[in-house]
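*Asks:* Below you will find the structure I want to go over with you.
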Amino acid sequence: MRRLLQIILLKPILFASKKFASRPQPERIFSALSALLRHIRKYPGRKGIIISLQPGDHYIVFSDQHRGAKNGADDFMNAEPNYLAALDYYFHNGYSFISLGDSEELWENSLLAVIKHNRATFEAEKKFIRQKKFYKIFGNHDLYWANDIFAQRNLKSIYGQAVRVYEGVLLQLKTRNSKPDFVSSTLTTHDSHLTTYNSSLTIFLTHGHQGDAASDGNWFSKFFVSVIWAPLQAFLKINPNTPAYDEKLKTEHNHIMYHWSAQQQNLALITGHTHQPVFESLTHMEKLLKHLAIARIKYSPEEMRALENEIEKRKGEYKTVSSDYLNMKPSYFNTGCCCFSDGDITGIEISFEKISLVKWSNKKGRELLTETTLAELQRQLA
């Protein structure tokens, strides 16, 4: 029966997916991101929260775990040991944890199956919740947390206490002379330490699916995706192209996110969604090419050879490179994901002093890939 339905419905489903969801549209994405940013600033505590970044603060941002049912389609299964090792490290070093969406793969699995097969990682996250250092954002593959009337009850059963789920977070770097503008009455007891300040730098964190015609539209389209469309795809085992799986769409989506962020003032945008790590608006390949251009200007033969060898080695990983990578404003960051096929995971660390892209692997544990100071980022975004 499934095979027959696959034959009958494959073309219509792929057509519908391309028409309504797959191709990122700049106008929709720009409008959705701007609307969300305005809403969080105007009504903190509803769709998102505002946190003042203080000396001594440390945050780890992971996204796109896609926790499944420990079967052949579970992308997270190989990455689980690195994820658990990372959470243990960050918990014992006093970090707060921002989970930036698509934590649970609820397009392909039931929530009960995900809970049953991922108790260890839920327990690891629970430690952050007990210390009020956990912030959960929803994405397009776990829209359930934003749509279902039983979501809060299920979250409480998983974590042992109520957990708010948001669409975004603003981290604000407080300037020395700034004063609180307001404290919103909409904040919960859990969020009572949160407020907003006149800020010299705002870091805007959200999953990055905003503007997707299927999963970021009106209430009906969200309901249709989470209740009808996703289960249908899972049953038929049909996986239409999305930014996470299609290299061209992945790069195109990141470029759109970059162009929106570059239009903002004193703001850096951090998303997930595409599974492609980006730091200061550049992919790893674009960073290598930029460093090579600088090495050629300085005429550093040894550095040039090393960079050329690394570029040759990584050519197959990147199908496209931005034409203006030498002049891009460092306003866009992407966490990558926690479900790479080799078990590696990537994330972004943020403190009062700096922002870093890190990788966790079986061989090396935590590995610093690149970083910059917030003071330098602030200077370039001003």
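Here, each number is a calculation from the coordinates, and none is a lab measurement. Bear in mind the structure is a predicted one, so any value in this text is a computation, not a measurement. No Cβ is skipped: glycine too gets one built from the backbone with ideal geometry, and neighbour counts run over all protein chains shown.
*Asks:* Between region 305-382 and region 27-78, what is the separation of their alpha carbon centroids in Å?
*Replies:* 18 Å
*Asks:* Tell me which GluC sites (Glu not before Pro) from region 302-362 have a DSSP coil assignment and no more than 15 other beta carbons within 10 Å of their own.
*Replies:* Passing sites in region 302-362 are E353.
*Asks:* Which order, highest average first, do 71-80, 333-342 follow once you tally other Cβ atoms within 10 Å for each residue and take the mean per peptide?
*Replies:* 333-342, 71-80
*Asks:* Could you pull the Rg and Dmax for region 282-382, using just the Cα atoms, both in Å?
*Replies:* Considering region 282-382 through its Cα atoms, Rg and Dmax are 15.0, 39 Å.
*Asks:* So what's the projected area for region 50-167, the Cα convex hull averaged over all directions, in nm²?
*Replies:* One quarter of the hull surface, i.e. the mean projection, equals 7.1 nm².
*Asks:* Also, quick follow-up: Report the local net charge at A124: Lys and Arg +1, Asp and Glu -1, summed over other residues whose C-beta lies under 15 Å from its C-beta.
*Replies:* Cβ neighbours under 15 Å give a net charge of +2.
*Asks:* Could you tell me the number of lysine pairs in region 278-370 with C-alpha atoms less than 20 Å from each other, where the two lysines are 8 or more residues apart or belong to different chains?
*Replies:* Lysine pairs meeting both conditions in region 278-370 amount to 17.
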